[in-house]
Amino acid sequence: MERDDKLADVSGLVAGPGAVSRAQRLLNWYFANARDLPWRESHDPYRIWLSEVMLQQTQVVTVIAYFLRFVARFPTVQALAAADEEEVLKLWEGLGYYSRARRLIPCARAVVERHGGIFPESLDALLKLPGVGPYTAGAVLSIAYNQRVPAIDGNVLRVASRWYALETDIRLPAAHKAIEERLMAEMPEDARHFNQALMELGACVCTPKNPACGVCPVAGDCEALRLGLVGVLPYKSKAKAKVESEQAVAYITCGDLVMIEKRPPEALLGSLWGFPVVEASVGDSHAVGAADASVTADGAAAVSALTVLLESDYGLALVRGTGAEADADYAILGTATHVFTHKVWRMKLVALEAEKPVATELPETRWVRPSELKDYALPTAFKKLLKAAGLGD
């Protein structure tokens, strides 16, 4: 790896003999500088679990308001276990990565039914809960119960990679294992604050770009800084390119009503409300949504397939010739692009009119007034498209 020589001179930062341990210096810094965050107000395992789920791939500043609304409505795991999924998804609306929200209720119910409403204090038991992986389990055990268990998120991976100058690809399990072993070797009894301090350091000082090494409390023990590798660590192999696809999205009206559907649980944006969609993927065309239609061409073919889908699977009789041109059966109301983790949707909102407001159970559809859309858990992708079409805020 290419060294960053401008960061290599750390002679004034190296701790001398008898110096306070790195862990203690990190803790001292944390106690003086930790951000005031609502989930840090107690060691309640429910709140810690909920916050960690929300914080996955989401910035702290975004999560705070959602967390406060969520715990105000569902203050205990018992309250969440008794919740309706529709309400949970509505509260989650805009936070993204909705699979996280869909796993909340099953996990809460498992805690109530299997463990009497108390999050278990064993790693094995936590990992058996729906949606709980090694990181979330480690966070609950260490922060709620002060157990010496690592909680390795993206921030901790970055901090540890630089501390130890690890040049292993952090996407690999071997890197996680090496970091876990090294952190365990120097984790103090105060595991609760040590793990949070690591996360805080990564979020506020040891950032991905332009890390503030000059104010880092443990710079004197950072191997990457000593070797001039801060700018190139951690090493992370390139992710696969996002798959781009064109989406024909149906905005179907009948009088003053518009049709919405509940997306299948297993689909992207599953269990959320939206509009029927047909996807024309480049190189691997297929349809997604309530039914399984086949699209093998471009966006125009997707629109054509969309009308076929609506008539066959939704039982709708569509009014013909509603487009801007005399011979067109549809008009494009607007376009928008939405980027997911692994794919990109390039959407067209297609205006269609139904002769009658026919509702179905499978797929589950409803006819609502446009002003009522705000009452449903509508994903950001569809909100963005509605706004582009002048139909939403």
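Among beta bridges from DSSP that stay inside the chain, the antiparallel ones total about 65%. If the segment from residue 364 to residue 311 were pulled out straight at 0.36 nm per residue, it would be longer than the present Cα-Cα gap by 17.6 nm. The alpha-carbon atoms of the stretch 144-185 define a convex hull whose volume equals 73 cubic angstrom per residue. Helix 60-73 and the longest principal axis of the C-alpha atoms of the chain enclose an angle of approximately 70°. Taking each residue as 0.36 nm, the span from residue 99 to residue 121 lengthens on full extension beyond its C-alpha to C-alpha distance by 5.4 nm. Projected label points at residue 356 and residue 168, each 7 Å from Cα along the beta carbon direction, are separated by 6.5 nanometres. What the Cβ-Cβ distance of residue 31 and residue 177 gives, at R0 = 22 Å and to the nearest 0.05, is a FRET efficiency of 0.15.
On the beta carbon distance between residue 257 and residue 20, with R0 = 56 Å, the FRET formula returns roughly 0.25. Listed values for the stretch 44-53 are Karplus-derived 3J(HN,Hα) couplings in whole Hz (6.51 cos²θ - 1.76 cosθ + 1.60, θ = phi - 60°), namely 4, x, 4, 5, 5, 4, 4, 5, 5, 5, and x replaces Gly and Pro. Helix content alone sets the calculated 222 nm mean residue ellipticity of the chain: runs of n ≥ 4 DSSP H residues at -39500 (n - 2.57) each, divided across all residues, give -11000 deg cm²/dmol.
Return the FRET efficiency for the residue pair residue 237, residue 393: r is the Cβ-Cβ distance, R0 is 51 Å, and the value is rounded to the nearest 0.05.
Between residue 237 and residue 393 the formula returns 0.80.
Highest mean first, the peptides 192-202, 123-133 sorted by other C-beta atoms within 10 Å per residue fall in the order 192-202, 123-133.
Between the helical axis of 154-163 and the dominant principal axis of the chain, each derived from Cα atoms, what acute angle in degrees is found, rounded to the nearest 10? Taking the Cα atoms of the chain, the angle to 154-163 is about 30 degrees. Taken about its Cα centre, the chain carries a charge dipole of roughly 1020 debye when the Cβ of each Lys and Arg holds +1 and the Cβ of each Asp and Glu holds -1. When peptides 209-221, 374-386 are sorted by average Cβ neighbour count within 10 Å, with the highest value leading, the order is 374-386, 209-221.
Within a Cβ distance under 14 Å of residue 133, other residues only, what is the Lys/Arg minus Asp/Glu net charge?
Its environment carries a net charge of -1.
The amide H of residue 315, built 1.01 Å from its N in the peptide plane, has no neighbour under 5 Å, considering only residues 5 or more places off or on other chains. Packing order of peptides 177-190, 106-119, highest average first: 106-119, 177-190 (average count of other Cβ atoms within 10 Å over each peptide's residues). The length gained by stretching the chain between residue 304 and residue 43 to full extension, at 0.36 nm per residue less their Cα-Cα distance, is 88.4 nm. Residues whose amide H falls under 5 Å from that of residue 334, counting only those 5 or more places apart or on a different chain, are 349, with hydrogens built in the peptide plane.
The long axis of helix 191-204 is offset from the longest Cα principal axis of the chain by roughly 70 degrees.
More than 33 Å apart: what percent of Cα pairs in the chain qualify? That fraction is 46 percent. Placing dummy labels 7 Å off each Cα toward the beta-carbon, the span from residue 85 to residue 56 is 1.7 nm.
Within a 10 angstrom radius of the beta carbon, how do 320, 47, 366 rank from fewest other beta carbons to most?
Least crowded to most crowded, the residues run 320, 366, 47.
A cut-off under 10 angstrom between Cβ atoms defines the neighbours of residue 194, and their net charge, with Lys, Arg +1 and Asp, Glu -1, is -1.
Any read-out appearing in this document is the output of simple, stated calculations on the displayed coordinates, not a laboratory observation. Bear in mind that the values here come from a model prediction, so they are computed numbers and not experimental data. Please note: Cβ atoms are built from the backbone with ideal geometry, for glycine as well, and neighbour counts cover all protein chains shown.
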